[in-house]
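Student: Following this message is one structure expressed as structure tokens.
The values are calculated or read from the model by the stated rules, or taken from the named source; none is laboratory data. Not measured: the values here are computed from a predicted model. Here Cβ is always computed from backbone atoms with ideal geometry, including for glycine, and neighbour counts include all displayed protein chains. Accessible surface areas use protein heavy atoms only, side chains included; no ligands, DNA or RNA. Shrake-Rupley method; radii C 1.70, N 1.55, O 1.52, S 1.80 Å.
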There are 2 protein chains.
Amino acid sequence: MEPGHSCTTEVVIVGGGFAGLHAARALRHAPVRVTLIDRRNFHLFQPLLYQVATGALSPSDIASPLRRILRKQKNARVFMGEVVGLNPRERKVLLENGFVSYDYLVIATGAENDYFGRNEWQARAPGLKTIEDATAMRAHILAAFEGAERESDPERQTEWLTFVIVGGGPTGVELAGALAEIARKTLRNDFRNIQPERARILLLDAGDRVLGAYPEELSRKAERHLIGLGVRPRCGVRVQEITDRGVWVQLRDGRREWIGARTVLWAAGVRASGLSHILAEETGAQLDRRGAVYVNEDLSLPGYPEIFVAGDLAHVEQDGRQVPGVAPAAIQMGRFVAVEIQRRLRGQPPRRFRYRDKGSLAVIGRHAAVAWFGPLRFGGILAWLAWLFVHIVYLIGYQNRLLVLLQWALKYITFNPRARLITGEAVDVPKEARVEETGMRASS
Amino acid sequence: MEPGHSCTTEVVIVGGGFAGLHAARALRHAPVRVTLIDRRNFHLFQPLLYQVATGALSPSDIASPLRRILRKQKNARVFMGEVVGLNPRERKVLLENGFVSYDYLVIATGAENDYFGRNEWQARAPGLKTIEDATAMRAHILAAFEGAERESDPERQTEWLTFVIVGGGPTGVELAGALAEIARKTLRNDFRNIQPERARILLLDAGDRVLGAYPEELSRKAERHLIGLGVRPRCGVRVQEITDRGVWVQLRDGRREWIGARTVLWAAGVRASGLSHILAEETGAQLDRRGAVYVNEDLSLPGYPEIFVAGDLAHVEQDGRQVPGVAPAAIQMGRFVAVEIQRRLRGQPPRRFRYRDKGSLAVIGRHAAVAWFGPLRFGGILAWLAWLFVHIVYLIGYQNRLLVLLQWALKYITFNPRARLITGEAVDVPKEARVEETGMRASS
């Protein structure tokens, strides 16, 4: 035995999202040492990123340091670092400058924005997977209103006040609803030259309806809510080009159309994080077209019973459908893997992972949502309250959930002006907006 | 008269800091139109930046959108933009893409970090003037603890756990105190391989004592408080070189010394913002060696009675001493200028600006401070309460100061874990820290 190393079973978890963190927590009484590795030092409550992007919440409202969450779990430690390789034969995870050995490995590095090979669009149309994505999106949105306020030319002013959201899934719908509300309510009295409530918000989707994965009845309900808020959903529209001044789209009949818009937001899709390619290379794991890893029924990697994949990175089929990339599925996978590791330590046979669909929710604006809990389908404020409840229940790392709820309520009521900061080095002032103003001299 | 323009007197204010914002607010009943121009969309409560830098507060706690603060002041509007030039003959302020005409101009663009010609130090030793400075500093500090946790080599671990603060003025003292407290208290149980409370915090100053501008008795008091918190103040030390691994310093006897430290924080000095050079070029204004503008007794520019300079950008002498670059001075100048403009509109003669020194305060840690109100000089918790009171009184843009106070109190009591996020694109994981861990295989 080498000095400084015990002979405890080493469980290494890569990724501190819903899957990885819940796996770590579920191992708290297990006779193992848990090492959680993440590039970032915090767990991010991704389902609320759109609220940061629209200035309703601050980054610190939806993120919590991993180290803090796990501080009382004595069998867990946290390493901040980027995994750059894997040696499955020697059971080592490689970091930039060193390695960590494992007996069991859980890989849960999640998903990232997918621009379908058009990565140059990223700078023009920020997506929504990280805190930086959200603050960049917020900066784009707020700077557009600032640009419109400065702009003297009416046509160019319209471009500043046009917002295109690409992708009508839950993220796109939630973004559109939140954006409509800040334009119509929050910012209403803040400007002098423009009326923010006249902002055009277009929600583009290539499919037949928004929320394509939801029952059609709820899609219709969501569309009605959106239209009521001033959002214009446009289905059957495919984005072909994104420029600084707008987007070229192709309609279903093949015609092309130009939409002038200074702000384009990306909610069209995600793909598995880059680690899946390292995994494929080192273990021969098979990836689907989104880069997710095909796993065994017990979420282990074919041929590697000591390696598990959980969360968005895992491709799991159930009843002929793929388990969706949502937080509840990731949490369930994380917990399942933790139990599975303990079963193996006790010599018990592997089980089969079953995703229990507890329903889907999409929020549209402040007091409306559509919910889908199996046979139950409903909308409006009831669905919104359900959303609030579900989010509070799933909050992790917030020692006092009630307190967080109160703070959020307060921010919601006051429309939290202080979350509307344009920050970040990458953010530029709206230089393009032309100001030409000749005031009359006053006699002094 | 051109269409769309009234013949109201146009007051243009450049800069939304303490001076500019207070000038704008003090003009709320004046028969003028106020245009406030700032590169950023928010007012920043700079005296609390060090709390963001050390993870006690979040950026949104100390910043408030200018547009929000002025939303009810109907004679004021806000333009987000960067002033790139000035045409004093035509009375025009030039933005990147256009111009705004003025009858009266107030320039209050403040100060920025001064690296005394060694701008390459900026990346290695972040200063503390902007929100991005503060989050960068926070990321440096927290990443250093992360690096130490990962590092296997004891000597290199010490480098990660050594923090050098350059400059023993109020900013350096406040930073050192806050840093000592997060190391000794906040982070205490968060790590497994290191003891954060063993962090070495060195406060370097080239002068004889910390807080050189304060009475000597308070400097001594501050030094004792700092030492009690575990900070090591080192005076008579001049920084010669800053590298990724530490600093070369020169002692008073001429000897050189190497201090190994992964984190170097800059609190050594500020200079007037770049706009003063444009001002000098276009109006012949004289600048001091820090770039601040020499102004008339009424804060107007020599030869340009319609142009005022206020805040850190103005060089004002009073009783043989320069008025210091502190928030109360900037607020007083801003308000003075607003009254002066109204007096000119009424044909009244200019007055002389007098700075009323209401005292100085420097906070050391959570419950200690040194205060200096003319004859009154005191330290300890009383000074800290005075500090709290003064800051609450001067808070601007927070509609409910009591609410803010309560929120802060809550964050202070709970040590606000959620402010400890390492964010920003520029931030890297501590790649340099070597991890070499070989766990023992468990039988599975």
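Student: Using only atoms on other chains, find how many Cβ atoms lie within 10 Å of each Cβ of peptide A:80-91 and report the average.
Tutor: Working: counts 11, 9, 3, 0, 1, 0, 0, 0, 0, 0, 1, 3.
Rounded to a whole number, the mean comes out at 2.
Student: Right, next: Run lengths n ≥ 4 of DSSP H only: what is the helix-derived mean residue ellipticity at 222 nm for chain B, with -39500 (n - 2.57) per run over all residues, to the nearest 500?
Tutor: One gets -9000 deg cm²/dmol as the mean residue ellipticity at 222 nm.
Student: Continuing with this model, one more query. Between A:LEU376 and A:ARG343, with labels modelled 7 Å along Cα→Cβ, what's the label distance in nm to one decimal, could you check?
Tutor: Distance between the two pseudo-spin positions: 2.9 nm.
Student: Which of A:GLY236, A:SER273, A:LEU301 sits closest to the plus end of the dipole of the stretch A:201-340, meaning its Cα is farthest towards the positive end, when Lys and Arg get +1 and Asp and Glu get -1 on the C-beta?
Tutor: Highest projection toward the positive end goes to A:GLY236.
Student: Counting only the heavy atoms of the protein chains, how much of A:ARG377 is accessible to a 1.4 Å probe, in Å² to the nearest 10?
Tutor: Around 100 Å² of this residue is reachable by solvent.
Student: Taking the label point 7 Å from Cα in the Cβ direction, how far apart in nm is A:LYS74 from each other copy of itself, listed shortest first?
Tutor: Spelled out, the distances from A:LYS74's label point are 6.7 nm.
Student: Averaged across orientations, what area in nm² does the convex hull of the alpha carbons in chain B project?
Tutor: 25.9 nm²
Student: Let me ask something additional. Quick one: 3J(HN,Hα) in Hz for the stretch A:323-330, Karplus 6.51/-1.76/1.60 with θ = phi - 60°, rounded, Gly and Pro as x.
Tutor: Those phi angles translate into 5, x, x, 10, 4, x, 5, 5 Hz.
Student: If you don't mind, another one. What does the charge dipole of chain B about its Cα centre add up to, to the nearest 20 debye, if the Cβ of each Lys and Arg holds +1 and the Cβ of each Asp and Glu holds -1?
Tutor: Once rounded to the nearest 20, the dipole reads 1420 debye.
Student: Using θ = phi - 60° and the Karplus form 6.51 cos²θ - 1.76 cosθ + 1.60, what ³J(HN,Hα) does each residue of the stretch B:266-277 get, whole Hz, x for Gly and Pro?
Tutor: 9, 9, 8, x, 10, 10, 5, 5, x, 4, 5, 6
Student: Among bridges DSSP assigns within chain A, what percent are antiparallel (round to 5)?
Tutor: 55 percent
Student: For the stretch B:26-98, what does the alpha-carbon gyration tensor say about shape, rounded, prolate or oblate, given a ≥ b ≥ c as the root eigenvalues, a/c under 1.5 as rounded, and a/b over b/c as prolate?
Tutor: oblate
Student: To the nearest Å, what is the center-to-center distance of the stretch B:130-157 and the stretch A:10-68, using C-alpha atoms only?
Tutor: Centre-to-centre distance over Cα atoms comes out at 19 Å.
Student: Please report the carbon-and-sulfur percent of the accessible area for the protein assembly as shown; probe 1.4 Å, protein heavy atoms only, DNA, RNA and ligands left out.
Tutor: That fraction is 51 percent.
Student: What nm distances, shortest first, do you get from the label point of A:GLY236 to those in the other copies when the point sits 7 angstrom along Cα to Cβ?
Tutor: Distances between equivalent label points, in nm: 8.5.
Student: Ok, one more. Can you tell me how the protein assembly as shown classifies by the Cα gyration tensor, rounded, prolate or oblate, using a/c under 1.5 as the rounded cut? Provide the component values of the computation, followed by the final result.
Tutor: Numbers: a/c = 2.20, a/b = 1.26, b/c = 1.74.
It comes out oblate by the Cα gyration axes.
Student: Report for the stretch A:247-355 the percent antiparallel among DSSP-assigned beta bridges with both residues inside it, nearest 5.
Tutor: 80 percent
Student: Considering every residue in B:55-68, what mean count of other chain Cβ atoms within 10 Å of its Cβ is obtained?
Tutor: The shielding value for this peptide is 5.
Student: Could you give the dipole magnitude of the protein assembly as shown about its Cα centre, charging the beta-carbon of Lys and Arg +1 and that of Asp and Glu -1, in debye to the nearest 20? Each step should come with its number before you reach the end.
Tutor: Values: 120 positive and 96 negative charges, 576 e Å.
It works out to roughly 2760 debye.
Student: Could you name the aspartates and glutamates in cross-link range of B:LYS72, using Cα to Cα under 18 Å and dropping any fewer than eight places away on the same chain?
Tutor: The reachable aspartates and glutamates, counting only those whose Cα sits under 18 Å from B:LYS72, are A:GLU146, A:GLU149, A:ASP190, A:GLU197.
Student: Within 10 Å of each Cβ in A:98-106, how many Cβ atoms from other chains are there, averaged over the peptide?
Tutor: Partner-chain Cβ atoms within 10 Å, mean over residues of A:98-106: 4.
Student: Tell me which B residue has its C-beta closest to the axis rotating B onto A, and the distance in Å?
Tutor: B:SER58, 3
Student: Rounded if a/c is under 1.5, else prolate if a/b is larger than b/c, else oblate: which is the stretch A:1-125, with a ≥ b ≥ c the root eigenvalues of its Cα gyration tensor? Numbers along the way, then the final one.
Tutor: On the way: a/c = 2.74, a/b = 1.56, b/c = 1.76.
Oblate, because a/c is 1.5 or more while a/b does not exceed b/c.
Student: HN-Hα J couplings of the stretch A:302-310 from phi, Karplus 6.51/-1.76/1.60, θ = phi - 60°, integer Hz, Gly and Pro as x?
Tutor: Computed from phi, the couplings for the stretch A:302-310 are x, x, 10, x, 9, 10, 10, 10, 9 Hz.
Student: Quick one: angle between helix A:216-229 and the longest Cα principal axis of chain A, in degrees between 0 and 90, rounded to 10, please.
Tutor: That helix lies at roughly 40 degrees to the long axis.
Student: Still on this model: Dipole size in debye (nearest 20) for the stretch A:110-204 around its Cα centre, Lys and Arg Cβ +1, Asp and Glu Cβ -1?
Tutor: With Lys and Arg at +1 and Asp and Glu at -1, about 260 debye.
Student: For chain A, with the dipole built from +1 on Lys and Arg beta-carbon atoms and -1 on Asp and Glu ones, taken about the Cα centre, which of A:ALA371, A:ASN189, A:PRO154 lies farthest toward the positive end?
Tutor: Positive-most Cα among the choices belongs to A:ALA371.
Student: Here's a follow-up. What does the copy distance list look like for B:ARG198, label position 7 Å along Cα→Cβ, in nm and ordered from shortest?
Tutor: Taking the point 7 Å beyond Cα along Cα→Cβ, the inter-copy spacings are 6.6 nm.
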